[in-house]
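Undergrad: This is the structure, below, for whatever I ask next.
The values are calculated or read from the model by the stated rules, or taken from the named source; none is laboratory data. Model, not experiment: these values are computed from the prediction. Cβ: placed from backbone, ideal geometry, glycine included. Neighbour counts: every protein chain shown.
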Amino acid sequence: MNKVFFAILFSFISATALAQIPAGGRAPLTKSIPADSLSYLNPKDYIIGGISISGAKYLDKDVLLQISKLNKGDKINLPGEQNANVIKDLYKQGLFDDVQLNVLRINADTIYLEIAVTERPRLSRLHITGIRKGEIEDVTKKLSDKTGKIVNENLLSTTTAIIKKHFNEKGYLNTTVNITQTKDPGDANSVILEVAVDKKSKVMINDVTFEGNKAFSTAKLRKYLKKTRKRRIYNIFGSKKFKQDKYEEDKQSLIESMQGKGYRDAEIISDTVTRHDDKTVDVKIKLNEGPKYYFGKITFSGNAKYPSEILTKILQIGKGQTFSEEELGKRISGPTPNNDDISSLYLNDGYLTFNADPVQTRIYNDTVDIDVRIYEGPQYTINRVSLKGNDVTNDKVVMREIRTKPGQKFNKELLIRSAREIGQLGNFDEQKTEPKPTNINPADGTVDLVYNVVEKPSDQIELSGGFGGGQLVGTLGLTFNNFSLRNIFNLKAYKPLPKGDGQKLSLRGQSSGRTYQNFSFTFSEPWLGGKKPIYFAVSAYTQGSSTGQYYPKTSPSYNNLRINGVGVTLGKRLNWPDNYFQLNYSLNFDHYNLDNYPGYLFNNGTSYNIKLTQDFSRNSVDVPIYPTAGSNIKLTLQATPPYSLFNSINYKIATPEQRYHFVEYYKVKFDAQWFTKITGKLVLMSQTRFGYLGTYNKLVGQSPFERFKLGGDGMQTYQFLQGTDIIGLRGYENFSIVPEGSNLNANTNQGAAIYDKFTMELRHPVIASQSATIFFLAFAEGGNVWDNISKVNPFNVRRSVGVGARIFLPIFGLLGLDYGYGFDAIPGAPDANKGHFHFTISQSLSGGFN
């Protein structure tokens, strides 16, 4: 009975698989024999006479035949396992909603078959909802390759996974994705996926705990996880959001840090991220620290150029020191702060293909012996130096800054220095300046160098308005940082002015109408004559202030000031004490004409200021836009002729007009900045400034010009007192810091003879690209002024703290906004300290002492 039942069941299954009447009520496709004549009770061998495909609109029919493994002329036993496999293999592709194998006809022992399929719909487009427009664009880009594909479970799950991963990386760990399908009205075999995304809230890290740590405290281990931080108020720069990719990076960093402390066997046994509540997770990491290891004997092999004794001294790692593969790698291959690793020793001497492999030859107890196996290779000579990417700047402007010359031995230090000098030009993106050795030829020991650069906008415009002196002042400034004077008459070179020779032309004007005008012009050439780095600059200005249009000259309220000046500067780069030094000499002539004008030591008369200035400076900052290393130091000596030593004026009875007709003084200024990388991209800028205005003759007294005014933003946007040094001190009103006992009056503040200022500033970038550089800062600074040297106390300063931001846009220069709070009250000016906002424009990032 059971055998008969199963025979009938198999006959039914076979008839379904080889149905002559397909599902859906279609007409029979086989007319030769009835379908029930094929039975598992009587299987038979047939020769396949032909195979046809029906229902396939988008898929290649030949490919479907290959998948079915049915070929014309092959033998097939029907009904049997083979026909079931055909259907199973096609279903496995995930391309069909229905697959049937039909018998069209049978002629004797020849059978004609049909594979009838119903294709699954394809994706015409995605309709994403629940997130912002910008987020939709980002997600759509990642899913762009899905359009046109078969809509199956794999596509749906992949789409969901991609969206969730996208938001998980941004801290949205609880993101949900709901996908529904709707028919595309424009295509019967296509669907639209309606994708509803709910990001929910960003997931923060509630706590990070460790298990198995004995040598390392939990606090220490948490510091190693720089991007996976638990919530703390003081956690300013460390991320408190949980991001899976950053967490994976941190785990690797954690192990590397532990290994760097000598625990070379340290490993993570397991880690878990568990939900704490709807918005936070807990991270738990189980560690195996292992024992602490130390360096044993360190030997060198393969070194012929330098003996092992020299390499040992450079390595600076001795027996018994804590074992650290990371430190060993740095001392061998760099980078080190002073480039004093072994690799630099060889690369600076032409060994371009130098390689060193530290091998752990013996591990016993807690000691590891190392053999540093060196491949020196040949010394390489520079064959050709070329430039690529300078579309605007002329080759000679860049090539003269490059210190690697044909015929020299390859030198890594000079390669890095050349890239720095190219960046200092200000015409190229420092991040994309890439010197690259090419055509390395071991046979003759030569190498070509290609400096790849990317031009960036360098011209700047200043257009601003400000309120000062009781009136509105407008400013228009144009600075062309890549000017070409030789093409001034070449109309084809105007874009909008001739460019490409690295010269600088600056034009600036300020005016509030008739009451105030200030116009200036500066032109500079860094390579006078084009052959040597001789700096040349010429400048001129005229400035006037008057209220004469409102009052007659005989009125007590009338005042007028006119200042005219010209100057010329010559400078030279030095090779001693090192080649970061520069020496500049400037000769300036200033003419002052005062008519009842306040703010100086005299109100009426004509005065001449003829001064010679010497600047001795050293600038070694790594990049000009956002320095992270190096220093900028300048010593300035300025003096006029000592007229009182050879003129016949009796200064005991001289009037102010006689006393200051030819101004005499000497002046010393010292400015210094240091940039130090603290951790990651966090940089500390330390700055100190000092100025002293001295006299040759006590009877003459101090000069009414060239004095120091301290306080505020440090800008000279609206400043009648040309020749006065303006020094910012955030947290205080402009020019509000006066010597003790002085009367603070913004209109009669004559400035001081001595000042100092100290600044500590933490900087962290937000954006660093060719188009813009943005960084935040926090500062603490202090400064003060004095009338004479006997009263100076360099540590009695007006203190302030605050925060700010800087935005560098190539066309506008540097824009800054600070909020400072001054701690020390100014006598006579109760509002001069406390909280103040300061806006700055066009001050430099490095080399500008503000």
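Residues are listed down the side, and each one gets a yes or a no for (1) part of a strand (DSSP E or B); (2) closer than 22 Å to Gln750 by Cβ:
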| site | (1), (2) |
| --- | --- |
| Ser520 | yes, no |
| Phe523 | yes, no |
| Leu528 | no, no |
| Lys532 | no, no |
| Tyr558 | no, yes |
| Thr569 | yes, no |
| Asn579 | no, no |
| Leu594 | yes, yes |
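Undergrad: Right, Lys246: farther than 29 Å from Glu289 by Cα, basic (Lys, Arg) and within 29 Å of the chain's Cα centre (by Cα) or not?
TA: No.
Undergrad: Which residue out of Lys243, Lys227, Lys284 is outside the structural domain of Tyr364 (by TED's automatic domain parsing), more than 27 Å from Val359 (Cα to Cα), in contact with a helix residue (DSSP H, G or I) (Cβ under 7 Å, 6 or more places away or on another chain) and in contact (Cβ under 8 Å) with a residue 12 or more places away in the chain?
TA: Within the list Lys243, Lys227, Lys284, the selection yields Lys227.
Undergrad: For Phe521, work out the one condition from (1) buried (at least 18 other Cβ atoms within 10 Å of the Cβ); (2) modelled with pLDDT of 90 or more; (3) of a type in the set (A, V, I, L, M, F, W, C) it doesn't fulfil.
TA: (1)
Undergrad: Residues of region 796-834 being aliphatic (A, V, I, L, M), more than 28 Å from Pro627 (Cβ to Cβ) and without any contact (Cβ under 8 Å) to a residue 40 or more places away in the chain, which ones?
TA: Passing the criteria: only Ala825.
Undergrad: Please go through region 412-432 and give me each residue that is in a loop (DSSP other than H, G, I, E, B) and surrounded by 21 or more Cβ atoms within 10 Å (Cβ to Cβ), ordered by number.
TA: Across region 412-432, the qualifying residue is only Asn427.
Undergrad: Tell me whether region 362-373 contains one or more residues that are over 25 Å from Lys292 (Cα atoms), touching a Phe, Trp or Tyr at 6+ places or on another chain (Cβ under 8 Å) and assigned to a loop (DSSP other than H, G, I, E, B).
TA: no
Undergrad: Also, I was wondering about something else. Keeping to region 403-436, report how many residues are within 25 Å of the chain's Cα centre (by Cα) and closer than 15 Å to Tyr351 by Cβ.
TA: Within region 403-436, residues that are within 25 Å of the chain's Cα centre (by Cα) and closer than 15 Å to Tyr351 by Cβ number 4.
Undergrad: Buried (at least 19 other Cβ atoms within 10 Å of the Cβ) and either more than 36 Å from the chain's Cα centre (by Cα) or of a type in the set (S, T, N, Q) (or both): is that true of Ala188 in this structure?
TA: no
Undergrad: Cβ-Cβ under 6 Å, sequence separation 6+ or interchain: first residue in region 378-400 and closer than 17 Å to Arg486 by Cβ, partner surrounded by fewer than 16 Cβ atoms within 10 Å (Cβ to Cβ) and modelled with pLDDT of 95 or more. Which pairs?
TA: none
Undergrad: Taking the residues in region 189-215 that are in contact with a strand residue (DSSP E or B) (Cβ under 8 Å, 6 or more places away or on another chain) and in a loop (DSSP other than H, G, I, E, B) as candidates, determine which candidate is modelled with the lowest pLDDT.
TA: Asn189
Undergrad: For region 629-659, which positions are among the basic types (Lys, Arg) and modelled with pLDDT under 95?
TA: Lys652, Arg659
Undergrad: Being of a type in the set (Asp, Glu) and under 22 Å from the mean Cα position of the chain (by Cα) is the filter here; which residues of region 785-840 pass it?
TA: Asp818
Undergrad: Got a sec? Which of Thr773, Thr759 is more than 30 Å from Ser703 (Cβ to Cβ), crowded, with 16+ Cβ neighbours inside 10 Å and polar (S, T, N, Q)?
TA: Thr773
Undergrad: Working only within region 679-709, note down all residues that are crowded, with 19+ Cβ neighbours inside 10 Å and in contact with a helix residue (DSSP H, G or I) (Cβ under 9 Å, 6 or more places away or on another chain).
TA: Answer for region 679-709, where residues must be crowded, with 19+ Cβ neighbours inside 10 Å and in contact with a helix residue (DSSP H, G or I) (Cβ under 9 Å, 6 or more places away or on another chain): Val700, Pro704.
Undergrad: Now a separate question. Need at least 2 residues that are crowded, with 18+ Cβ neighbours inside 10 Å and modelled with pLDDT of 85 or more per element, so show me which strands (runs of 3 or more DSSP E) inside region 61-156 make the cut, counting only ones lying wholly within it.
TA: 110-119, 122-129
Undergrad: Mind listing whichever residues of region 578-629 are touching a Phe, Trp or Tyr at 6+ places or on another chain (Cβ under 6 Å) and among the basic types (Lys, Arg)?
TA: Result: Arg618, single match.
Undergrad: For Gly530, state whether it is farther than 19 Å from Val392 by Cα, small (Gly, Ala, Ser) and surrounded by fewer than 18 Cβ atoms within 10 Å (Cβ to Cβ).
TA: no
Undergrad: Please determine whether any residue of region 434-446 is among the acidic types (Asp, Glu) and closer than 25 Å to Ile625 by Cα.
TA: yes
Undergrad: Would you call Gly302 surrounded by fewer than 14 Cβ atoms within 10 Å (Cβ to Cβ), closer than 22 Å to Gln379 by Cβ and either modelled with pLDDT under 95 or not assigned by TED's automatic domain parsing to the domain that holds Pro437 (or both)?
TA: Answer is yes for this residue.
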